[in-house]
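Since the structure comes first, as C-alpha cells, the remarks are kept for the end.
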Amino acid sequence: MDRRKSIQTIILGAGASALAFHGCKADGATSGETLVNVDEKYFGRTPAELERLEKLNAEELFNAREMETIGVLSTVILPPKEPHGGPLEANVPEFIEFMGKDIPELKPTLLGGLMWLDHKSNTEFGVEFKSATLEQQKQICDEICWHDPEVSLDEQPLEIQFFALMRNLTVCGYYTSKVGIADLGYKGNMPNVWDGVPQDVLDQHGVAYDPDWIAKCVDQSKRGVIAEWDEQGNLLT
Amino acid sequence: MQIIEESEVYDVIIVGSGAGGGMATKQLADAGFKVAVVEAGPYFDPADPKTMTQMKWPYESPRRGAGTDRAFGEWDMSYGDWEVDGEPYTVEPGTEFKWWRSRMLGGRTNHWGRISLRFGPKDFKGKTRDGLGDDWPIGYDDVKPYYDKVDKLIGVFGTNEGMENDPDGFFLPPPKPRLHELFYINGAKKSGIPVIPSRMSMLTKKINNDRGVCFYCGQCSRSCSVYADFSSGSCLIFPAQKSGGQVKLYVNSMVREVTTNDEGKATGVSYINKEDRKEYKLKGKVVVLAASACSSARILLNSKSKQHPNGLGNSSDLVGKYLHDSTGASAAGFIPGLMDRKTSYNEDGVGGMHVYSPWWGDNSKLDFPRGYHIEVWGGMGQPNYGFGFNTNDFNKFFGLKVGGYGDSLRDDVKKYYGSVVGFGGRGEGIARKDNFCEIDPTTLDEYGIPVLKFNYKWSDLEKKQAKHMQDTFEELIHNMGGHPLGEKPGKESDYGLLAPGQIIHEVGTTRMGNDPKTSVTNKFNQLHDADNVFIVDAGPFVSQADKNCTWTILALSWRASDYIIEQLKQQNI
C-alpha cells in the first residue's frame, strides 16, 4: 500500500464515510475529518531553496575513495543489524556529503579527518583505512572514540573531533532514515487520535492521570460534533 | 520610471495579511466593503501539496530537516526568519534586536506556536499595578466581548479555571497530557507552581464545516493542511473570499508608504511589485496597517509629506518608541525516570505543549515586576537533523564512559529517547521610550525603501526576572528527579535572557492612548494625526503581558474593524 493510501485509511477509520479532499464539505455531524492530501513529489521547498539544493547537489565534496571510506567507517560505528540494516541502507554517506556542503563549517573536519584516518592506517598497517581489516579499523577507532565530556570538543585533537562528528552524523543519518525510524520504533507522523498515555506506560513510569484533569479533556467520540457553548462558556456538545 | 496608478478606489486597503490584517479583512469584507490586501510575500495556502511540509519524513530531504535555509528547521512554515534576502535591518552598536519576518500570505501565523492567551484585567493597567510603564486607555471589559468572539470564530482549546488574570473563555476541550507532562505536573506541584491545560488554537473538536479537526501530528509549525490550526489565510482570508467578499489580494507587493492629500488624510498606499520591480499606487478611503509592529512603524516613518513632515502619525515623535518584546529564558533537564520508554504508541499530540504554568508569583515579595509563564516541551518527537548527536552524553550521570561505537549506540539511542524535558519562560518586559526602532537613512532594502535601525537594551528588571526563571527551572528539574543540562547561566550572561526580539512578540511601536502627545493611536487603533488610518497589528499595545500577543491582536483588530465599519457607515471618515 502506498503511503498516501495508508494515510487515507488511517484517518478515515471505520464508519467515517464522508471524508473529502480539501475544498469539499465533510459530513460535519459524524466525522469531522478532512483528508490529508500528501504529495510525495514535493517536500515544500520554495523556488529559491530548490535552486540552492540543485547547486549543492551538483557540487562534489568527496571523491570515490573518500565516499567509500565514509561508508566503511560509518558501518564500523553503527554495524548493520537485521531487520533494519545499517548506515548504507540509510544512505548515510550521501547524507554526510550533503551536510558537508550544506554546512561548510563541517568541511575541514570531515576532509582533514579522512586524510588523518588513511595516514594513520597506512603508517600502522601499510594499507588505507577502507582496505584494512575490521580488527585494524577498530584498533584505530578505539584510540579516538572516547573523549572527556567536560572538555569542549573544540579543544580536543582534530581526530577526536572528527570521530565525534562522524558518530553524530552516522547515528543521526541512520535514525532519520526510513530504516532507522523503523529501528527506533517512532510511531508518529501519522494521522491519529491522541487519547492519552497507555496504561502500561503510565505503570512503567510510576505516574497516573488525575481523574479531575481527565474529566476536562476532549471526549474523542464527540470530536466531529460542532462545538456549542452556553453563555458562561460551558461546552454543551 | 513612472509610478503606475490604479483607477480602482478601494473602501479599505489592508497592509499585511497576518493575524491583524486577516481579521480586518474578514470583518470588513463580510461587512460588504471592497478590500485590497497588500502582502509583501507570495500567496500561500497550507493545503497546497507543493508547498506543504506537514507529514514529511526527514529522509525526504537531503539535509534531514536541518535549519540551514530556515532558522527553525527546514519544515518550519515561515518564508523568512531573522534574515530576509534583500531586506536588511541595522542595530545600534551596543544594543541588540532580532527581527523575525515571514514574507507570505498569512505571515507569521503560519508557523507560530498557537499559544492563545487573553490578557487579564491587570495586564491592561500596568502603571496602576506597580507604577511602571503606562495603563492602556481601555480595560479588560472593553476587550472581553471580542476575545469571546475570537474564541468562537477561530477555536482555542483550554479550560475555565476562574483565575483573575488568566480569564475564562469559550474553550474547546484540551488534549490529555503526555508522559513527560505528567512528570512536569508532579514536579511543579512540589514547588507549588500551578499547572493547567494549555490554551492553544488548534481544533480538538469541530468548529464549523470548513475546517478539519486536529489529527495530532504535532506539526502546527508546518501550518495545517486541513486548517485545524489557526493561520490567518486558512481561517480568515480564505473564508472572507469564500463567503463572497470583495477581497483583492496583492501578493509580492512591498508597501513603501501611505500616501496623503493636502488635508493630511490618507489616499492610499504606494508599493513595489517584487516581480517587475516597479512602483504602483493603490487608492483607498481607509488604510489599515497590519504589517507587524515594526514594519508598520517603518511605513509610517517613511510616509513623510508636507502635512506630516515627521512621518505619518508621528507628531508625538513616538512612532517606533516603546518597542518591547517578551522576556525569554530556557533550560532543559535529563530525567532518568523517562528513560527506557516504550515506543508502542504515537505521542505527537498537538504541536507544542498540552500543559503550561500561568504566572503564580507575588511580585510584592520579588525583586522584579510582572510575571512570566512556563512552557514545557519533551517527548518522543520525530527524529530530524540533530537527533542522535552526542548519543550517550548522559552516560556521565551514571559514571559510564561517553563515546565509543558499535551496537551499543543503538541501545543508547533507545535508552535515552524521550528523556529530556525543556522549559521556556516567557515574561513581561517593561515598555520604555528609549527602546525603539527608527529609520536608518544610510541603508535601503533592494526595493529602495529606507530600513529600520533598532536600539534596544534590557534593564535590570528583566534580567532579575530571567534569574528567577533559571532558579525555578533548576528546582523543577530537581523535583522531577533530573539533571540540568549545560551550565546554569549566571549574571555574566544575563541569566540566559534572550536578545530582544527573539521571542517574536514585539509590540508597542504605535501605542494607543487618549492624549495625542503621548500616544500614536487612539483607543480604537486610529491614528490621532490621520483619522482614516488604523493600525491593527501589535503596534498599538501599551504593554506586553506575560501572555503571547496574537489573541489580543485578533480581538483588537476585530474591535477596530467594528469601529471602522461604523465610521464608514456614518461617513465620518
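The values are calculated or read from the model by the stated rules, or taken from the named source; none is laboratory data. Computed from a predicted model, the values in this text were never measured in an experiment. So basically every Cβ, Gly included, is an ideal-geometry build from the backbone, and we count neighbours across all protein chains shown.
The table below gives the values:
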{"quantity": "In segment B:387-405, the residues that are among the aromatic types (Phe, Trp, Tyr) and under 15 Å from B:LYS415 (Cβ atoms)", "calculated": "B:PHE387, B:PHE394, B:PHE397, B:PHE398"}
{"quantity": "Condition met for A:THR75 (in contact (Cβ under 8 Å) with a residue 40 or more places away in the chain, hydroxyl-bearing (Ser, Thr, Tyr) and farther than 30 Å from B:GLN54 by Cα)", "calculated": "no"}
{"quantity": "Residue within segment B:43-50 that is outside any loop (DSSP other than H, G, I, E, B), under 22 Å from the mean Cα position of the chain (by Cα) and modelled with pLDDT of 95 or more present", "calculated": "no"}
{"quantity": "For B:PHE454: the one exception among (1) under 27 Å from B:VAL376 (Cβ atoms); (2) among the aromatic types (Phe, Trp, Tyr); (3) not in a loop (DSSP other than H, G, I, E, B)", "calculated": "(1)"}
{"quantity": "B:THR109, sole failed condition from (1) among the hydroxyl-bearing types (Ser, Thr, Tyr); (2) surrounded by fewer than 20 Cβ atoms within 10 Å (Cβ to Cβ); (3) in contact with a helix residue (DSSP H, G or I) (Cβ under 6 Å, 6 or more places away or on another chain)", "calculated": "(2)"}
{"quantity": "Hits in segment B:377-409 - residues which are more than 7 Å from chain A (Cβ to nearest Cβ) and farther than 21 Å from B:PHE423 by Cβ", "calculated": "B:ASN392, B:ASN395, B:PHE398, B:GLY399, B:LEU400, B:SER408"}
{"quantity": "Check on A:VAL207, facing chain B (nearest Cβ under 8 Å), within 22 Å of B:HIS354 (Cα to Cα) and without any contact (Cβ under 8 Å) to a residue 12 or more places away in the chain", "calculated": "yes"}
{"quantity": "Condition met for A:ILE144 (within 13 Å of chain B (Cβ to nearest Cβ), surrounded by 21 or more Cβ atoms within 10 Å (Cβ to Cβ) and either of a type in the set (Phe, Trp, Tyr) or within 30 Å of B:PRO58 (Cβ to Cβ) (or both))", "calculated": "yes"}
{"quantity": "B:LYS569 of a type in the set (D, E, K, R) and surrounded by 18 or more Cβ atoms within 10 Å (Cβ to Cβ)", "calculated": "no"}
{"quantity": "Exclusive hit being closer than 30 Å to A:ALA48 by Cα, in contact with a helix residue (DSSP H, G or I) (Cβ under 6 Å, 6 or more places away or on another chain) and modelled with pLDDT of 95 or more, set B:SER191, B:SER102, B:SER116", "calculated": "B:SER102"}
{"quantity": "Number of positions in segment B:459-488 that are outside any loop (DSSP other than H, G, I, E, B) and on the phi > 0 side of the Ramachandran plot", "calculated": "0"}
{"quantity": "Condition met for B:GLY418 (surrounded by 19 or more Cβ atoms within 10 Å (Cβ to Cβ), within 19 Å of B:ALA331 (Cα to Cα) and out of contact with any Phe, Trp or Tyr (no Cβ under 8 Å at 6 or more places or on another chain))", "calculated": "yes"}
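To keep it simple, each residue is scored yes or no on (1) in contact with a Cys (Cβ under 6 Å, 6 or more places away or on another chain); (2) more than 21 Å from B:GLY379 (Cα to Cα); (3) at the interface with chain A (Cβ under 8 Å from one of its Cβ atoms).
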{"residue": "B:PRO167", "(1), (2), (3)": "no, yes, no"}
{"residue": "B:PHE170", "(1), (2), (3)": "no, yes, yes"}
{"residue": "B:LYS176", "(1), (2), (3)": "yes, no, yes"}
{"residue": "B:LYS189", "(1), (2), (3)": "no, no, no"}
{"residue": "B:THR204", "(1), (2), (3)": "yes, no, yes"}
{"residue": "B:ASN209", "(1), (2), (3)": "no, yes, yes"}
{"residue": "B:CYS217", "(1), (2), (3)": "no, no, yes"}
{"residue": "B:SER223", "(1), (2), (3)": "no, no, no"}
{"residue": "B:LEU236", "(1), (2), (3)": "no, yes, no"}
